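The values are calculated or read from the model by the stated rules, or taken from the named source; none is laboratory data. Since we're looking at a predicted model, the values are computed, not measured. Heads up, the Cβs are rebuilt from the backbone with ideal geometry, glycines too, and the neighbour counts pull from every protein chain shown. Accessible surface areas use protein heavy atoms only, side chains included; no ligands, DNA or RNA. Shrake-Rupley method; radii C 1.70, N 1.55, O 1.52, S 1.80 Å.
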Amino acid sequence: MQYRLATVEDIPAVEALQKRYHVSTISDEDRPDGFVTTLFTPEQFQSLIEDEQGLSIAVDEGKVVGYAMAASWDYWSAWPLFRHMIGDLPTIEYLGEKLSTENSYQYGPICIDKAYRGTKVLPNLFEFSRRSMMDRYPIMVTFINQINPRSLKAHVDKLKIDIVKPFVFNNNNYYALAYDMTVKTAGSTL
Ligand SMILES: CC(C)(COP(=O)(O)OP(=O)(O)OC[C@H]1O[C@@H](n2cnc3c(N)ncnc32)[C@H](O)[C@@H]1OP(=O)(O)O)[C@@H](O)C(=O)NCCC(=O)NCCS
């Protein structure tokens, strides 16, 4: 398994994975194991790759089997949910600091091909993404829909990411989570 930053050539493979597990296109069979809600256009993928160096992928024998996004709040401000989170940052204290767009970035969504779930891909992909951002930011912030229990368990129990605040947006209940970027990911073999 190879972990690396995506290039624009990887966009079609990442888009295919996104489509399979996006809330609007996922099959009823796959839905109970979680879904992603943020939808990226090809231009948004390109900017994530070129302007943010923020698209980490897991590649098995040439096939993209997982991706994890990470970017500055400036990048995410195109989506209403993230604008809401940006407004909320100063109300959250983590590691003794008030969160801001300068001391934190947003990680996620992450998506792993069904055949590779329950393996080291989760901790290793997260660890690769963490290493690619750790020199830029001391704190990672993310959010999880409360109706995605698999993702919650994966992030809170396995990756040891802290829940910092519940919040409601557009009638959906979420948790905001945060992580100390100096800590190596639990369970990672990288
Ligand atoms: C979220 C995701 C990245 C997690 O990676 P993963 O490899 O599946 O995670 P793991 O299997 O190691 O850990 C998930 C845990 O939840 C458990 N679980 C599975 N289904 C569950 C459910 N419906 N409710 C609660 N826990 C559940 C698993 O058994 C596992 O725990 P265990 O290892 O103690 O048995 C992956 O499931 C995924 O890509 N899902 C689709 C997209 C998605 O939801 N992305 C996250 C958006 S925030």
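Distance between the 7 Å Cα→Cβ label points at Glu61 and Thr37: 3.7 nm. Of the cross-linked pairs Lys19/Lys120; Lys114/Lys158; Lys114/Lys160; Lys63/Lys165; Lys98/Lys120, those separated by over 27 Å at the C-alpha level are Lys63/Lys165; Lys98/Lys120.
The residues of the chain expose on average 47 square angstrom of accessible surface per residue, using a 1.4 Å probe on protein heavy atoms.
Surface composition of the range 2-180: carbon plus sulfur atoms contribute 51% of the solvent-accessible area (1.4 Å probe, protein chains only, all chains present). Spin-label model, Asp180/Ser24: points 7 Å from Cα along the beta carbon direction are separated by 4.0 nm. Relative contact order for the range 83-151: 34 percent, from Cα pairs under 8 Å spaced at least 6 residues apart, divided by residue count.
Can you work out the PRE-style zone for Leu81? Point 7 Å along Cα to Cβ, and I want the residues of the range 147-190 with backbone N under 15 Å. Correct set: 147-152, 166-177.
Only Lys, Arg, Asp and Glu carry charge here, each on its Cβ (+1 for the first two, -1 for the last two); on that basis the chain has a dipole of about 560 debye about its Cα centre.
Projected area of the range 47-99, taken from the Cα convex hull and averaged over every viewing direction, in nm²?
With the hull built on Cα positions only, its mean projection is 5.2 nm².
Rounded, prolate or oblate: which one fits the chain, using the alpha carbon gyration tensor with axes a ≥ b ≥ c (rounded when a/c is under 1.5, else prolate when a/b beats b/c, else oblate)? In terms of gyration-tensor shape, rounded. Note on Ile163 and Arg136: the extension gain reaches 7.5 nm, defined as 0.36 nm multiplied by sequence separation minus the Cα-Cα distance.
Mean separation of Cα pairs under 8 Å and 6 or more residues apart, divided by the residue count, gives the range 18-175 a relative contact order of 21 percent.
Residues within the reach of a label modelled at Glu93 (point 7 angstrom out along Cα to beta-carbon, backbone nitrogen below 15 Å), restricted to the range 145-164, are 164.
Quote the FRET efficiency, to the nearest 0.05, computed for Asn103 versus Met1 with a Förster distance R0 of 30 Å and r equal to the Cβ-Cβ distance. Walk me through the numbers on the way to the answer.
Values: r = 32 Å, r/R0 = 1.06.
The computed FRET efficiency comes out at 0.40.
Of all stretches in the chain that contain no GluC sites (Glu not before Pro) in a DSSP loop with at most 12 other Cβ atoms within 10 Å, the longest one is 103-190.
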